[in-house]
Amino acid sequence: MKSKKLVIILLTIVCFSSAMYSQQSVDRIFAEFAKEKGVVRVGLGKFTMSLASLFTDVMGVDGVEVLSFDECNLSVKERLNAAITSLKDKDYETLISVNEDTERTKILVKTDGESIRELIVMTSGDDPVLVRIKGKIKPSDIENVINKNK
């Protein structure tokens, strides 16, 4: 009887831990896929953004990271699609989620009071892309950019 209970408890723990492992976080997705063969990573840090602010309004953006998967093989793209689908990160709020045919786009934000600290754009499908924008962005700044570019 005790061995039966022990087996049930162990199976429950294994199932629970595998479910937790299968959930992806934003940081984990960026870290895991930045290393993949064929991924093109472009990063603009705080110094580059401060230089850019001399010529244009960077709206409080401190850094931008873009991962492009155009040169990756299909298995990497499929793993990324699965990771985006299973994304569960309590630190981010879904701003927009759009599903079209074979493509899914999620826009996530991490906020701190009235400011957006991070904005994440994840697009899955045939041409997946990951974009991370860090900084201290005011919603009014975003509204001004939208109004200027109508």
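The values are calculated or read from the model by the stated rules, or taken from the named source; none is laboratory data. Given the structure is predicted, the values throughout are model-derived calculations rather than measurements. All Cβ positions, glycine included, derive from the backbone under ideal geometry; neighbour counts span all protein chains shown.
Things to note:
- Filter result (surrounded by 12 or more Cβ atoms within 10 Å (Cβ to Cβ), assigned to a loop (DSSP other than H, G, I, E, B) and out of contact with any helix residue (DSSP H, G or I) (no Cβ under 6 Å at 6 or more places or on another chain)) within the stretch 113-130: G125, D126
- Just one of the listed residues (K136, K110, K106) is modelled with pLDDT of 90 or more, in a strand (DSSP E or B), surrounded by 14 or more Cβ atoms within 10 Å (Cβ to Cβ) and not hydrophobic (A, V, I, L, M, F, W, C), and it is K110.
- The residues in the stretch 62-78 that are surrounded by fewer than 16 Cβ atoms within 10 Å (Cβ to Cβ) and in contact with a Leu (Cβ under 8 Å, 6 or more places away or on another chain) can be counted, and the count is 1.
- Residue within the stretch 91-100 that is surrounded by 17 or more Cβ atoms within 10 Å (Cβ to Cβ) and at pLDDT 90 or above present: yes
Let's see how each residue does on (1) without any contact (Cβ under 8 Å) to a residue 60 or more places away in the chain; (2) farther than 18 Å from E32 by Cα:
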{"position": "V64", "(1), (2)": "no, no"}
{"position": "L67", "(1), (2)": "no, no"}
{"position": "N73", "(1), (2)": "yes, no"}
{"position": "R104", "(1), (2)": "yes, yes"}
{"position": "L108", "(1), (2)": "no, yes"}
{"position": "D126", "(1), (2)": "yes, yes"}
{"position": "L130", "(1), (2)": "no, no"}
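- Test result for N147, at pLDDT below 90, in contact with a Ser or Thr (Cβ under 6 Å, 6 or more places away or on another chain) and in a helix (DSSP H, G or I): no
- Residue under evaluation G63, criteria (1) within 21 Å of R41 (Cβ to Cβ); (2) assigned to a strand (DSSP E or B); (3) modelled with pLDDT of 85 or more, criterion not met: (3)
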